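A.B. asks: Please read through the structure below; I'll follow up with questions.
The values are calculated or read from the model by the stated rules, or taken from the named source; none is laboratory data. Because the structure is predicted, anything quoted here is derived from the model rather than measured. Every residue, glycine as well, gets a Cβ built from its backbone with ideal geometry; the counts of neighbours run over all protein chains shown.
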Amino acid sequence: MLARLRLLFHRWTTRRKMDRVFGRGPDPYGYGSVAYEKGRLSAMEDVLKGRRYKAALEIGAAEGAFTLRLARLADSVIGLELSPVALARAREALRARPGLSLEEADVRTWEPAGSCRFDLIVCGDVLYYLDKPVVADEFEAAFPRIAGWLAPSGRLLLAHGFADERERAVRRGYRERFERLGLRLVSESVAGEAAKPGDVRCLLSLLEKPSTT
């Protein structure tokens, strides 16, 4: 019971924080205007090119900036977002896109319908919001949940910003957790340039689930 209450409280505080950010107006992070954000999204898309995906899952869809790019790479896309404010904008922006659905959900408790499995999962700038001591057990449990949603040979893209080497090591730790669960690292790169100390760059880690054959 106590663990459930901690999770509910953390979900509420995180949703409230994100609603405040998105409540400032459209595109508060500058996905369409800030050079770093535009470059990060393009780098994420480039990592995924060269393969057509049947079913993709995006964890942390926000206002749909990368969801739109995913829709060009996959036959169907499900986007999960915790903030109803961001989700409303994403639904408005993407309402005409076939094969795309958006859900208000917490990845720590969400489950795909039936036996649905994905050949692509994208997790961008999400995990560090969940990486909090008060919900440490639920955070660690999210890794096998996400890995379990991948189909054989399915790929997982992790994309998380970092401003210094300490933060980079934390982001690398996310990838290492999935490797311990049996996923194989396909590639890893950094998007963005650090012109001065504290400039944010993005660690892009592409992993793959082994084939059953």
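A.B. asks: Among the residues of segment 175-193, write down those that are outside any strand (DSSP E or B) and in contact (Cβ under 8 Å) with a residue 12 or more places away in the chain.
C.D. replies: The answer is Arg175, Arg177, Phe178, Glu179, Leu181, Gly182, Leu183, Gly192.
A.B. asks: Provide a single number: the residues in segment 163-213 that are among the polar types (S, T, N, Q) and at pLDDT below 95.
C.D. replies: Residues meeting the conditions: 3.
A.B. asks: Within segment 114-127, is there a residue that is surrounded by fewer than 16 Cβ atoms within 10 Å (Cβ to Cβ), over 12 Å from the mean Cα position of the chain (by Cα) and touching a residue at least 40 places away in the same chain (Cβ under 8 Å)?
C.D. replies: Yes, some residue in segment 114-127 is surrounded by fewer than 16 Cβ atoms within 10 Å (Cβ to Cβ), over 12 Å from the mean Cα position of the chain (by Cα) and touching a residue at least 40 places away in the same chain (Cβ under 8 Å).
A.B. asks: Between Arg180, Arg166, Arg172, Arg184, which is loosely packed, with under 13 Cβ neighbours inside 10 Å, closer than 17 Å to Asp131 by Cα and not small (Gly, Ala, Ser)?
C.D. replies: Arg166
A.B. asks: I would also like to ask the following. What number of residues within segment 66-89 are under 17 Å from Met18 (Cα atoms), of a type in the set (A, V, I, L, M) and within 15 Å of the chain's Cα centre (by Cα)?
C.D. replies: Result for segment 66-89: 4.
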